Amino acid sequence: MLAVRNLTVSIAGKTVCRELNFAIAPGQCWGVLGQNGAGKSTLLRTLAGLHPAEAGEVVWHDAPISRLPRRELARELGVLGQQDSGEFWGTVEEFVRLGRFPHRRGLFGFSATDESAVTAALAAMELADLAQRPLNQLSGGERQRAAIAQTLAQQARYLLLDEPLQNLDLRHQAAAMQVFAERQRQGCGLLLVLHDLLWAQRGCDHLLLLYPDGRAEAGPAADLLTRERLEALYQCRLREALVEGGRCFLPGV
């Protein structure tokens, strides 16, 4: 289990969260919501051990992640950041294969297991036909799918994904969320930074809300997805509608 204990995180003098406690169990999907600049990416980096906590700790199976060897942690925890991978000069397949480095056993080449994981990840993100294309010749959405495929190829037990749906069209957003749901059914724990409330409602069973004043709430999505909370979160008026029997939140303009 990936757990947060009394975690306080800050960046550039801004408090992201104070004394935050929550745990991601295997098979759970958490969504992180908040305004631009709320610190969602910083919190994700803290969970991955890439940004220091001001107080408290992040633990993996009761061991602080700061004490775990990075290679060992990378076998268990996959991280997708927001950086653009367009400067990579190799092919899409070579880029996705980088996700297998934590599992690499020898000095020369990759194993059949590694290649199988790469092939499966390319297929999952509908990139098999583009595998031999230079990555830097792809569109922004295609590069984003390649970045997701690289993280999938890592075959980690937990995935921390920062805005995984950015640059994706509606069809590929839906396809990516289906891939994440399948990983969840297989027992993978996920945390997704999202901006679209629809996908938070449809794809996440738990939510973490980061308010502008540094407050944070964590819990079941069914409890936290209320108009009052979301209006306080985004500091704008929302309209609530019913669509096919489910609630939908829209800006009140």
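The values are calculated or read from the model by the stated rules, or taken from the named source; none is laboratory data. Just so it is clear, the model here is predicted, and its values are computed rather than measured. Here the Cβ is made from the backbone with ideal geometry for all residues, glycine too, and neighbour counts use every protein chain on show.
Between a residue in the stretch 230-253 that is aromatic (Phe, Trp, Tyr) and any residue that is surrounded by 12 or more Cβ atoms within 10 Å (Cβ to Cβ) and at pLDDT 90 or above, which pairs come within a Cβ distance under 8 Å, given they are 6 or more apart or on different chains?
Listed by first residue and then by second, the contacts come to 234/35; 249/197; 249/225; 249/227; 249/230; 249/238.
Suppose we keep only residues that are within 12 Å of residue 94 (Cα to Cα) and not charged (D, E, K, R) within the stretch 126-135. Which one would you say is surrounded by the most Cβ atoms within 10 Å (Cβ to Cβ)?
135
Pairs, please: C-beta under 8 Å, at least 6 apart or cross-chain, first residue more than 16 Å from residue 154 (Cα to Cα) and in the stretch 121-132, second in a loop (DSSP other than H, G, I, E, B)?
If the second residue must be in a loop (DSSP other than H, G, I, E, B), the pairs left are 130/138.
Can you pull out the residues in the stretch 40-57 that are aliphatic (A, V, I, L, M), surrounded by fewer than 20 Cβ atoms within 10 Å (Cβ to Cβ) and closer than 19 Å to residue 192 by Cβ?
Answer for the stretch 40-57, where residues must be aliphatic (A, V, I, L, M), surrounded by fewer than 20 Cβ atoms within 10 Å (Cβ to Cβ) and closer than 19 Å to residue 192 by Cβ: just 50.
Of all residues in the stretch 25-39, which are outside any loop (DSSP other than H, G, I, E, B) and either modelled with pLDDT under 95 or surrounded by fewer than 23 Cβ atoms within 10 Å (Cβ to Cβ) (or both)?
Matches in the stretch 25-39: 34 only.
Considering only the stretch 67-85, state which residues are more than 20 Å from the chain's Cα centre (by Cα) and surrounded by fewer than 17 Cβ atoms within 10 Å (Cβ to Cβ).
67, 69 - these are the residues of the stretch 67-85 that are more than 20 Å from the chain's Cα centre (by Cα) and surrounded by fewer than 17 Cβ atoms within 10 Å (Cβ to Cβ).
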